[in-house]
1. Limited to the stretch 67-115, what total is found for residues that are over 21 Å from E49 (Cα atoms), polar (S, T, N, Q) and crowded, with 17+ Cβ neighbours inside 10 Å?
2. Given I314, I274, which one is surrounded by 14 or more Cβ atoms within 10 Å (Cβ to Cβ) and either charged (D, E, K, R) or within 16 Å of the ligand (Cβ to nearest atom) (or both)?
3. Take the residues in the stretch 22-59 that are of a type in the set (G, A, S) and modelled with pLDDT under 85, then tell me which one is surrounded by the fewest Cβ atoms within 10 Å (Cβ to Cβ).
4. Restrict the check to the stretch 183-202 and report whether at least one residue is away from the ligand (no atom under 16 Å from the Cβ) and basic (K, R).
5. Quick one: how many residues across the stretch 124-153 are in a helix (DSSP H, G or I) and surrounded by fewer than 13 Cβ atoms within 10 Å (Cβ to Cβ)?
6. If you scan the stretch 287-308, which residues turn out to be surrounded by 19 or more Cβ atoms within 10 Å (Cβ to Cβ), near the ligand (Cβ under 10 Å from one of its atoms) and more than 21 Å from K249 (Cβ to Cβ)?
7. Scan the stretch 53-71 and give yes if some residue there is out of contact with any Phe, Trp or Tyr (no Cβ under 7 Å at 6 or more places or on another chain), touching a residue at least 60 places away in the same chain (Cβ under 8 Å) and more than 26 Å from L98 (Cα to Cα), otherwise no.
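The values are calculated or read from the model by the stated rules, or taken from the named source; none is laboratory data. Keep in mind the model is a prediction, meaning the values are calculated, not measured. A quick note on method: Cβ atoms are made from the backbone with ideal geometry, for glycine too, and the neighbour counts reach across all protein chains shown.
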Amino acid sequence: MPPGSDTLSPTAAEDRNTWLGVSVITTLVLVSLLLWGLFHAHRAIEEFEAEQLPLENIAGELLYHTTASGMAVRLAAATGNLRWEDRHRSHQQAARRLLERAQALGSTEQARAMTERMREALATLGEIERRALGRISRGELQGARRLLKGWTYTKGSRSLAEDAQALSRLLRRDVRHRAEHEQTLMRASMIAVAVLLAFLAFAWYRCMRQWERNDRKRREKEAEILRLTYQDPLTGLYNRRFFLEAGEKALAHARRNGKCLSALMIDVDHFKTINDTHGHAAGDAVLQALAEQLSGSMRAEDVAARVGGEEFCILLPETDLPAARAAAERIRARIARGDGLEGGAAGATISVGVADSADVHSLDGLMHRADAAVYRAKRCGRDCIAEAAGDEPAPEAQPAQAPAP
Ligand SMILES: Nc1nc2c(ncn2[C@@H]2O[C@H](COP(=O)(O)OP(=O)(O)OP(=O)(O)O)[C@@H](O)[C@H]2O)c(=O)[nH]1
């Protein structure tokens, strides 16, 4: 039977997949977030390598050089040997260079204040040491030792060493804080990524659902178009167009397989009178009731169509003439008895022309022969069956009326 008859008219707005847009935007946000996370982590590592690590090394080296330069002066004062002066100078220069670097790198206010204090302490100690070295060069060893044991020098050395250690501790703490901050940031971005992924999965789920819905609607629309193309709107049977296409295929199939194909051409008797007596609408109802009866009398492989105004044709695959005639007789008798027919349809009769494909070369030929047989049935008084004779010519051209819209 023709395809289903549900009419669907989804709007363009329904067809538009909003969730596809949402999932594209979510993906873009997700990718941006991941890129930002990568960029941020990369920058943090670079900063750490450029600032924190050197600062920490500087703090240790500073402690070494300041202690070593003081040691060199003390040794010079203890031995009176001025060859320690060169050692002292090189440690002093190294300590000064380190402090300059530390000041340039100092990333926190506290670190900067500390390096400034150390720079001042280093200058004061350096001055005392130079004075001590001056005394040693003049042989005033006692005076040099006094200077080096003096309160200013002792206190300055101790606080410089303490500051170097404190700077090292401060930097370690700073590094730890920054690492913790980075971890918190990474955790937050991971949570954001997880939430976005969940949302993305949801958006894709909705997207798929919408695609499925649109696909179903498309298939239903196609089925509807197919139905409108091939179905007779009044009776629900196939129309002439479908019948001709299906008939060509059935005939080709029958020829290929050496089978017989038969056709029943069915014409309602005195239909004009039914129309004139009961009205056109009643005539339509008769056609509908007859179509229903025809559908109920067919096998699944038979094809019934309304091929003209009050003309129906049934193709019976793999059916020879006697079997087709028997089928036609069953249908005729059923209509004549008024089985399942009411009102105007109850008194209706049909004339049936039966033909087979034995000696025909085309579907047209088969239909012409069935048509000629109907005319013979009409001439024989109607409400009867007539078989196509082998040499029977086609009837006078009586154009089939187009189905009512
Ligand atoms: N109600 C209705 N009538 C239709 C439709 N199509 C064609 N007809 C009518 O069917 C009638 C066919 O009449 P005729 O061709 O003279 O045939 P008939 O009256 O059945 O006479 P016989 O075929 O000789 O028995 C015409 O009056 C058409 O107007 C339709 O879709 N609905």
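1. Counting residues in the stretch 67-115 that are over 21 Å from E49 (Cα atoms), polar (S, T, N, Q) and crowded, with 17+ Cβ neighbours inside 10 Å gives 2.
2. I274 is the lone residue from the list that is surrounded by 14 or more Cβ atoms within 10 Å (Cβ to Cβ) and either charged (D, E, K, R) or within 16 Å of the ligand (Cβ to nearest atom) (or both).
3. Looking at the filtered set, the residue picked out is A50.
4. Yes, some residue in the stretch 183-202 is away from the ligand (no atom under 16 Å from the Cβ) and basic (K, R).
5. Qualifying residue count for the region: 4.
6. Answer for the stretch 287-308, where residues must be surrounded by 19 or more Cβ atoms within 10 Å (Cβ to Cβ), near the ligand (Cβ under 10 Å from one of its atoms) and more than 21 Å from K249 (Cβ to Cβ): just L287.
7. No - not one qualifying residue is present in the stretch 53-71.
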